[in-house]
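Only one structure is covered here, and it is reproduced in the block below.
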Amino acid sequence: MTLSRRGWGLAGLLWLLLSLLQGTGLTVADTKHDLTANPWGFLTQALSPWTDVFPLGQLQNQAYGYLFPQGLFFALLDPLPDWLTQRLWWALLLFLAFAGVVKLLEATGTGSRMSRVVAAVLFALSPRIITTLGAISSEAWTVALVPWIMLPVVRVLLPGPRPTTRRLAVAGLGSAVAVLCLGAVNAVATLAAVVPAVLWWLTQGVFATGGTAGTGTAASVRRRTAWRFAAWWVPGGVLACFWWVGPLVILGRYSPPFTDYIEAAGLTSHWFNLGEVLRGTTSWTAFLSTERQAGFALATEALFVAATLAVALLGLAGMAGARGRLPFAGSWLVILGAGVAVFGLAAAPFSPVADQVQVFLDGAGAPLRNLHKFDPLIHLPLVVGVAHVLGGLTVPRNATAWLHPEKDRSVVATTAVVLVVAVATAPAWTGRLVPEDGYRGVPSSWQAAADWLNDPANGADQTRTMILPEARTARQNWGNTRDEPAQALLDVPWVVRDAVPLVPPEAIRGLDGLQREFVADGAAGANPALADALAQQGVGYLLVRTDLARTADTPGARAVLRTLTESAAADGFTEVADFGDGDDEADIRIFRVDGAGDAGAGPHVVDADDLEITAGGPEVLPRLTAADAAAGRPSRDRILVQDVPENTGDVPPDTVTDTPALREHNYGNVTGAESDIRAVDDARNTRNPVRDYPTGLDDADLTQVRERGGRITASSSAADPTSLGGAEPYSGPSAAVDGVTETAWRPGTGSPINQTLTIDLGEPHTQMSLSARAAGSPVRVQATTYLDGETVASTTTLVPGYREADSTDRPIVLPSGEADRVELRIVGSWGDPALSEITLTELASGQDVTPRRDIVVPAGAGTPQRWVLGQEIYEFEMRRVITVPEGAEPVTVALNSDRCAAGRNTASTIDGTPVNCGDSVTLEPGEHEVRSRDRWVSLEVQSDRAAPEADDAESASDDRIVVTSTAVNTGRAAEINGTSLDSVTINGWQQGWIVPAGVADDMSDEDIVSAVEVSFTATDTYQRWLGAGLLGALVLLLGWLCAWWPGRRSSGGDRVAATSVVRDGPTQHLLTGAGTLALSVGVAGLPGGIVGAATMVLVLGVPAGLRRLPERTTASRGARLLRRLTRPATLAMILGTAGAVMMVRGSWGGGDYAGYSWIPELLFLGCVVATACGAVSTSPTSAVRGHTRRQPDRSDM
């Protein structure tokens, strides 16, 4: 027995005390804001899959997973202060992690009382739990329960008498109850928690051998026991998981593909080198976010790198047999090997299959992408090894030994162990488990604002409230809630643009289009028709918060308020309420949207024939509303060409726009997240499966760069969405040759030295001259010419800046010789280097051979009624190529723009000719280039369309469409008066319902809106499944209690392993060697295979060779030294220590990161291989005998 009843009580008290000392009085952003702010409301909402209240209507992402146990825990303790409930949850989690390991070590007979406690502390405060506890404790919870899932499996498969049926039932159902307690916040985390128990069942049961069990008969008994146990365990597991499997399937069936827009596998596996894997720091967020104080410290500070690697090496030493053979070493080795495989196979650039694994994780395996959830496969075997290796450590009890440590090795060893454990767990006992920006409470202004909106008298329940400004997460100057504070307070529909809204990608594009209007850059500023654009998309109120912190990735409230109160858009908004805590300026201001006339901003009805067919993306809607207003037309709803029902036929668009454009999107940001417009072949910097939020169109149907005369590429550019501070779309490679002096190519984040701009020509040219300007201070560049990939010549020159007194063109003559490529490399700069107006001229012919990058709008099926082009994202000067179809008649267009609508002169040209507001221009069939510095330009076709013929009039539809403010979802259905309605997508993302002619003809539009009944088709299945799951869980609990209760005090309950001497057979050695070698190759390719083979030769071959030498030779000092150095544990520690030194010297964030180097990777691989050899070859001193002994009853207390 490791701890007495009093010891367990003291342990629980200490874990409680540790939790209470973490940010006392502060609530932190742990997992879900609703858990503390409104747990009962959150759980009630989780009983339905769909909610219209959340942004644009959506499926709740695994909200059902909080029903038990985490959500229920917080709900039952709701009367307590929020921060206290959080700390009690943490204390429970830490205690369970600690107690589970102690019990597991007792059951396997591993270590001493002291070493078990040390190992349990190291597991409870492992890097994985320390990193996730304060920020997302739902993930730490599953780690804490891993030992409890394993414990019944371990006990029932111990060698000994054949277990009774009741004992098998207690074990199988008990493990299933632990699985039930995992909850279902994340299905993959639940899966990862079960894997160690399954591997134990396989190795100690299904595939038990005589070498493992001691005799063939005992092994046969255990194999039969394993299957008898599974007869209880598997059905119990089904009952434990049944309640969330159905809702998960529904979520997968109807949820948008949001995994395409969150972190990619290339990011989540970025820190999967063996050094980080062994020490447990595989969670990518810890390396990038300082918010998680403890995790960031463990990931980046050299002291913690050293301490956590020391713990890992201690565990490997124990597994390698530094103190005799580890009990059940083979099973622990299999679990560790599985963990190394999970992480190592995805680790680039080491694994030869890393690219294929990452492609899988970004595709069909996307739910598994965050492989760090499998950390228990690594850390649990390591802490078991720690318990084993420290099992022989004796703590001196006399003062003399401590006064003279040089005379007692145990004093030195004990001190070293205490220091390592203290440092490795220091982030916990120094109070850094809490994330940054905890808060005392949500300010009362938020509750007051929510109460105002929830009041039916104010009408917010009939529309949707947009929270402004946009922000990646809700990080306020008073604290970080991560989720919106309003989320737990509002009962009316609302929407906010955060990192990745859980709505269709088209709806996100529509949100982005609206958000840009509040912080508009460019010609005439704000959109005068903004209120109409908002109302058209169902937004009736705006909540503007002024309390966001700068770290929230937000444009800030000042620009939003200026748009709503001082700009040309201000007439469309009325401030109706403000709330604050007594300061001069209100924290929250609420504006009513006055657009859309009497129709308001709720659901409305439109005639099908009144829909404008538009070639564009949802982000263009505000621009089209502005163009309509400028032309004197009312705002109207639209159907995009990709959403036109198939039975309608090939209908040409009424309006052609330059959206969507081919851009690259950084999904991790909200501001500055989109690149300049790109060509299909341009290199990508982001790692996600998709380049940008899709719209249902192929790349060929997007507005994109078309290259002429060659290619222009850059090593990096400030237009990359991954640039620090966000993308500058006017600073890409196109800007170097766009004919605009104010734009230029600028290198991306970091030093500009050695950044390159490469000009690939369509064909070789003789000697050329280069003309260029630096947008600012002069730039020194090295110009190198190439032919067929071989260097021709190189020269260094100074590119003058526009600010110089001599601003005349001074072409630079490039070295003589034919060349098909010119590379411009920055070798010196003053300030921010940028290259503009690059021109290459062939001297002999005087021909301009500079490649061009035109931005081309896809040609439609016919001539539209208008083109509406614009700077969706500020470009300084818009350049677009539009097409009048070949064979069509010339068309005359009149120009309008935002400057024209504001009474100002336009800055526009068509085919190089300046055009004024209202001017008519005739466009011949073919391509035409439109340039403008206005935010948008409309080219309205002036020729009258022929009146509809009789046949056309007869074919006109009398259908009406109910347009809602919720996003389209295939799981929704509608009916009116018993008639089912077909779905249609309006405005690119809004759910519309077709009311066919002959149905509800006698009803007004208002009556139709009221009569349409919308439902989510899977709601009944979802709720019935939850009900059946609850019944199954109760059956499981009742079955376990009925099996456990009668024998809770009888003998044979908690068996533990005794000790004996057994040896693995040659088959086990062969399988271990082959598996280890295969793993080495999988983790590190050919170099890994060489290191693995060499290590196995040293560990196994050297001793065998020495035994064949003459006794006199083997007794020499050199032979003895060689024998010691090639002992598995010794060799593992030598290799591991060398790798650890390199990791400490090259920790993340300190310069050259050692995790990118092959040397430490191979050193740690050799360490693991030596450990595997030692685990199966070390002389066994503590393996399993064919009997068991009973623990005293009080060990359960």
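The values are calculated or read from the model by the stated rules, or taken from the named source; none is laboratory data. Owing to the predicted nature of the structure, the values given are computational and were not obtained by experimental measurement. Note that we place each Cβ from the backbone using ideal geometry, even for glycine, and neighbour counts take in every protein chain shown.
Every residue in segment 829-850 that is of a type outside the set (S, T, N, Q) and buried (at least 18 other Cβ atoms within 10 Å of the Cβ), please.
Those that are of a type outside the set (S, T, N, Q) and buried (at least 18 other Cβ atoms within 10 Å of the Cβ): P833, A834, L835, E837, I838, L840, V849.
Mind checking which strands (runs of 3 or more DSSP E) fall wholly inside segment 723-792 and carry at least 1 residues that are farther than 21 Å from R810 by Cα, in the same structural domain as R706 (by TED's automatic domain parsing) and not hydrophobic (A, V, I, L, M, F, W, C)?
Correct list: 756-765, 779-787.
Counting only residues that are outside any strand (DSSP E or B) and surrounded by 13 or more Cβ atoms within 10 Å (Cβ to Cβ), which one in segment 793-816 is modelled with the highest pLDDT?
So the residue we want is L814.
Of all residues in segment 1107-1133, which are surrounded by fewer than 12 Cβ atoms within 10 Å (Cβ to Cβ) and either in contact with a Pro (Cβ under 7 Å, 6 or more places away or on another chain) or in a helix (DSSP H, G or I) (or both)?
R1107, E1111, R1112, T1113, R1117, G1118, L1121, R1124
Residue-by-condition table, conditions (1) touching a Lys or Arg at 6+ places or on another chain (Cβ under 9 Å); (2) crowded, with 24+ Cβ neighbours inside 10 Å; (3) not assigned by TED's automatic domain parsing to the domain that holds Q537:
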| site | (1), (2), (3) |
| --- | --- |
| D455 | no, no, no |
| A474 | yes, yes, no |
| V500 | no, no, no |
| P504 | no, yes, no |
| G513 | yes, no, no |
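Given the condition touching a Leu at 6+ places or on another chain (Cβ under 6 Å), surrounded by 15 or more Cβ atoms within 10 Å (Cβ to Cβ) and within 30 Å of H1069 (Cβ to Cβ), answer yes or no: does some residue in segment 372-383 qualify?
Yes.
Here is a list: G1155, G1150, G1136. Which entry is within 21 Å of A302 (Cβ to Cβ), in contact (Cβ under 8 Å) with a residue 60 or more places away in the chain and part of a loop (DSSP other than H, G, I, E, B)?
Unique residue meeting the criteria: G1150.
Restrict the check to segment 1-16 and report whether at least one residue is of a type outside the set (F, W, Y), more than 29 Å from D375 (Cα to Cα), touching a residue at least 12 places away in the same chain (Cβ under 8 Å) and touching a strand residue (DSSP E or B) at 6+ places or on another chain (Cβ under 8 Å).
No.
Any residue at all in segment 190-212 that's in a helix (DSSP H, G or I), touching a residue at least 40 places away in the same chain (Cβ under 8 Å), among the β-branched types (V, I, T) and within 30 Å of P504 (Cβ to Cβ)?
Yes: segment 190-212 contains one or more residues that are in a helix (DSSP H, G or I), touching a residue at least 40 places away in the same chain (Cβ under 8 Å), among the β-branched types (V, I, T) and within 30 Å of P504 (Cβ to Cβ).
Quick test for you: out of R899, R853, pick the one residue that is outside any strand (DSSP E or B) and crowded, with 22+ Cβ neighbours inside 10 Å.
Testing whether each residue is outside any strand (DSSP E or B) and crowded, with 22+ Cβ neighbours inside 10 Å leaves just R899.
(1) buried (at least 24 other Cβ atoms within 10 Å of the Cβ); (2) of a type in the set (D, E, K, R); (3) within 21 Å of the chain's Cα centre (by Cα): which one isn't true of D355, the others all being true?
(1)
Within the set of pairs 6+ apart or on separate chains, which have a first residue in segment 627-642 that is within 15 Å of D610 (Cβ to Cβ), a second that is assigned to a loop (DSSP other than H, G, I, E, B) and of a type in the set (K, R), and C-beta atoms under 7 Å apart?
D628/R636
Among T713, T703, T695, T686, which is the only one that is free of Cβ contacts under 8 Å to residues at least 60 places away in the same chain and of a type in the set (V, I, T)?
T713
Results for (1) modelled with pLDDT of 95 or more; (2) assigned by TED's automatic domain parsing to the domain that holds V101; (3) closer than 20 Å to V1035 by Cβ; (4) surrounded by 24 or more Cβ atoms within 10 Å (Cβ to Cβ), shown as yes or no for each residue.
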| position | (1), (2), (3), (4) |
| --- | --- |
| T164 | no, yes, no, no |
| V177 | yes, yes, yes, no |
| V185 | no, yes, no, yes |
| A193 | yes, yes, no, yes |
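Within the set of pairs 6 or more residues apart or between chains, which connect a residue that is in contact (Cβ under 8 Å) with a residue 60 or more places away in the chain inside segment 548-575 to a residue that is part of a helix (DSSP H, G or I) with Cβ atoms less than 6 Å apart?
V560/F518
Any idea which of E301, E291 is touching a residue at least 60 places away in the same chain (Cβ under 8 Å), surrounded by fewer than 24 Cβ atoms within 10 Å (Cβ to Cβ), more than 20 Å from Q358 (Cα to Cα) and touching a Ser or Thr at 6+ places or on another chain (Cβ under 8 Å)?
Of E301, E291, the one residue that is touching a residue at least 60 places away in the same chain (Cβ under 8 Å), surrounded by fewer than 24 Cβ atoms within 10 Å (Cβ to Cβ), more than 20 Å from Q358 (Cα to Cα) and touching a Ser or Thr at 6+ places or on another chain (Cβ under 8 Å) is E301.
Restricting attention to segment 879-890, which residues are touching a Leu at 6+ places or on another chain (Cβ under 9 Å) and touching a residue at least 60 places away in the same chain (Cβ under 8 Å)?
R880, I882
Pairs, please: C-beta under 6 Å, at least 6 apart or cross-chain, first residue at negative phi and in segment 147-160, second basic (K, R) and part of a helix (DSSP H, G or I)?
What qualifies is L151/K103; L157/R222.
Could you look through segment 178-201, keep only residues that are among the β-branched types (V, I, T) and in contact with a helix residue (DSSP H, G or I) (Cβ under 7 Å, 6 or more places away or on another chain), and pick out the one that is nearest to W1040 (Cα to Cα)?
Residue satisfying both the conditions and the ranking: V179.
When you scan segment 494-511, do you find a residue that is touching a Gly at 6+ places or on another chain (Cβ under 9 Å) and over 27 Å from G971 (Cβ atoms), even just one?
Looking for residues that are touching a Gly at 6+ places or on another chain (Cβ under 9 Å) and over 27 Å from G971 (Cβ atoms), one finds none in segment 494-511, hence no.
Return the only residue of T2, T51, T31 being out of contact with any His (no Cβ under 9 Å at 6 or more places or on another chain) and under 16 Å from L251 (Cα atoms).
None of the other options fit; the residue is T51.
Among the residues of segment 640-650, write down those that are more than 20 Å from E940 (Cβ to Cβ) and among the β-branched types (V, I, T).
The answer is V644, T648.
Take G205 and tell me if it is within 20 Å of the chain's Cα centre (by Cα) and surrounded by fewer than 23 Cβ atoms within 10 Å (Cβ to Cβ).
Spelling it out, it is not the case that G205 is within 20 Å of the chain's Cα centre (by Cα) and surrounded by fewer than 23 Cβ atoms within 10 Å (Cβ to Cβ).
Let's see how each residue does on (1) of a type outside the set (D, E, K, R); (2) buried (at least 19 other Cβ atoms within 10 Å of the Cβ):
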{"residue": "F42", "(1), (2)": "yes, yes"}
{"residue": "D52", "(1), (2)": "no, no"}
{"residue": "N61", "(1), (2)": "yes, no"}
{"residue": "L76", "(1), (2)": "yes, no"}
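For segment 536-558, how many residues meet the condition of being of a type in the set (A, V, I, L, M) and either more than 12 Å from A471 (Cα to Cα) or part of a strand (DSSP E or B) (or both)?
5
Consider E106 carefully, then state whether it is more than 28 Å from T217 (Cβ to Cβ), assigned to a helix (DSSP H, G or I) and acidic (D, E).
So E106 fails the test.
State all residues of segment 461-472 that are surrounded by 22 or more Cβ atoms within 10 Å (Cβ to Cβ) and either of a type in the set (G, A, S) or touching an Asp or Glu at 6+ places or on another chain (Cβ under 8 Å) (or both); if no residue qualifies, say none.
Within segment 461-472, I467, E470, A471 qualify.
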